[in-house]
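Readers should treat all values here as calculations from the given coordinates under stated rules, not as data from a laboratory. These numbers were taken from a predicted model, which means no experiment stands behind them. All Cβ positions, glycine included, derive from the backbone under ideal geometry; neighbour counts span all protein chains shown.
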């Protein structure tokens with residue numbers, strides 16, 4: 001009987017620990033990181049190059065904010081982590097698309113200049129060889 005009452009006295013402590021473990025700490029640092037990633041993606045023109053990912057990231061952050069207000073911090077943290085990853089991916093896609101556009105732009109100009117440069121280089125080689133002989 002003595003051990004049973006000792007367990008009953010520990011029950012409120014166990015319930016309190018379990019309850020606090022479910023909620024977890026507010027994911028404020030994670031939220032700030034996700035918001036920063038979203039700002040970076042926006043600066044990289046993710047709305048133009050990866051609009052679905054960008055919208056998904058911003059929607060997840062908004063949902064996480066609601067979850068945090070209802071003390072569902074574990075679920076909010078998971079949404080924030082996904083939002084951060086999506087924003088980073090949107091930024092990477094935007095950067096890649098921008099780089100590809102720059103390369104294509106340079107390639108359209110390059111063929112005109114390349115034959116002239118090659119001809120100049122050939123003349124230099126021929127002239128140098130003539131001097132050596």
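Some values worked out for this structure:
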read-out: Filter result for the condition that a residue is part of a helix (DSSP H, G or I), in contact with a helix residue (DSSP H, G or I) (Cβ under 7 Å, 6 or more places away or on another chain) and surrounded by fewer than 19 Cβ atoms within 10 Å (Cβ to Cβ), over 39, 75; value: 75
read-out: Residues that are surrounded by fewer than 19 Cβ atoms within 10 Å (Cβ to Cβ) and within 17 Å of the chain's Cα centre (by Cα), drawn from the range 59-71; value: 59, 62
read-out: Members of the range 72-87 that are over 10 Å from the mean Cα position of the chain (by Cα) and without any contact (Cβ under 8 Å) to a residue 40 or more places away in the chain; value: 75, 78, 79
